Every structure is written in structure tokens, then in C-alpha cells.
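Everything below concerns the one structure shown next.
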């Protein structure tokens, strides 16, 4: 079994993970204006036909997350396509599209992991996609604990590149945001991502 194979029933029965749906970001989000490089990159992407999750990851999601790395060079490092092996016996293992760690000098995946983003081709609210994201966050929590760097709160995101849905793991509860964020309002989306980094690196 791997992260992508879990559903919420299995997560609840096997790990006691519960879920709720509510607004994640209740305080005002400070808008974050994109650099001209990111704006131009995403504008060029509009002229390319993206037919797979891999294409969306590379052309849309990666440039957005790279922008966050650029803005937070002294706070975080960004990894792509890394395996998080947390608990192989219980199926908490597998590849994650993008991972932020709280170590700006990291040269390989290390702890503490603070956020995970998974690119999806279909609906970001698909229960299977959300269960995979939840399993990854649970795996990251265990990974951090094994490396003696526990983190109380972890964030995740499911995204089509154009639409973003955020999750938070707190204690043993997955909180799924009631709101969605869109690339069409890039300053707000970047603001949410920056808010998460600020909170996780304070």
C-alpha cells in the first residue's frame, strides 16, 4: 500500500484520523505580488496544451512554488518528486510531488517537513485525492517524529495548477479548507502560501 491507495475510511480505521471541513485562514491574507518572471512564465504556459499531471506540475505548480522558495531563501528548501518513507509496514510511503522543509540549506530531503503539494489533473475536491494528501501529511508527521523534529501542524495542498485546495493536519485531525484559491487571483494564492511559510517558520 502507498499514500495514493488510501481512502478516508482506511485512514480513520487504521490511524484514528478524523476530518472536518472549515475555513483554514480566518485572519486577513496579505497579498503577495508575483515577480515579472513568474507572471511571464505562467502567461507563456497558457499557450501550451497540458494533458498530464506531470505537465501541470512542471509548467504551472513548480514555477509558483519556486517563487515561494525565491522569496524565502533563508527559511525553506523545496524538493520535487521525493519519497517519504514514514511507516512502510502500514503503507505510509510513496512519492510526493513537492515538499517544503524548514531547512534552507538542505541538500536532500530532511526534517522537519512543513508542507506538501500534490498536483492533480481532475477535481481538487475528489475524495481520493484528498485522502492521498491526508495520508502524505500523516506520513510527514511520522517522518518528522522519527527524526526528532516533531511539527504540531502540517499543511498540504491539492491543485490542478489553476485551482488550489488546502488542508491542515493538527493533532490527529485533517482540516479541509472550505475555500478554494485560483491562479486567476495569483497575489491572493501567493499570499496564502506565504502565510503558511510564515506560520511554519516563525
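All of the numbers you see were taken from the coordinates with simple rules; none came from a lab. Model, not experiment: these values are computed from the prediction. Ideal geometry is used to build each Cβ from the backbone, glycine not excepted, and the neighbour counts take in all protein chains shown.
At a 10 angstrom cut-off on C-beta neighbours, averaged per residue, how do the peptides 150-159, 180-189, 64-73 rank from highest to lowest? Provide the component values of the computation, followed by the final result.
Numbers: 150-159: 21.3, 180-189: 15.6, 64-73: 17.2.
The packing order, highest mean first, is 150-159, 64-73, 180-189.
Roughly how far apart, in whole Å, are the Cα centres of the stretch 127-175 and the stretch 71-122?
10
Which value, in nm² and rounded to one decimal, describes the direction-averaged projected area of the C-alpha convex hull of the chain? Please report the intermediate quantities before stating the final value.
Numbers: hull surface 42.4 nm².
Averaged projected hull area, Cα only: 10.6 nm².
Residue 13 versus residue 146, label points 7 Å from Cα toward the beta carbon: distance in nm?
2.5
So, in nm, how far is label residue 106 from label residue 21 when the simple model puts each one 7 Å beyond its Cα toward the Cβ?
About 3.1 nm, to one decimal.
How large is the helix-only mean residue ellipticity at 222 nm for the chain, computed as the sum of -39500 (n - 2.57) over DSSP H runs with n ≥ 4, divided by its residue count, in deg cm²/dmol to the nearest 500? Kindly include the intermediate steps, with their values, before the conclusion.
Working: 6 runs with 68 residues, N = 202.
It lands at -10500 deg cm²/dmol.
What is the stretch 114-202 by shape, rounded, prolate or oblate, if you read a ≥ b ≥ c off the alpha carbon gyration tensor as root eigenvalues and call it rounded for a/c under 1.5, prolate for a/b larger than b/c, and oblate otherwise?
Note, shape of the stretch 114-202 comes out oblate.
Provide the FRET efficiency to the nearest 0.05 for the residue 40-residue 74 pair, computing r from the beta carbons and using R0 = 30 Å. It would help to have the intermediate numbers written out before the result.
On the way: r = 25 Å, r/R0 = 0.85.
That pair, residue 40 with residue 74, gives E of 0.75.
Classify the stretch 2-68 from the C-alpha gyration tensor, please: rounded if a/c falls under 1.5, else prolate or oblate depending on whether a/b exceeds b/c. Don't skip to the end; give the middle numbers.
Values: a/c = 3.63, a/b = 1.56, b/c = 2.32.
Verdict is oblate for the stretch 2-68.
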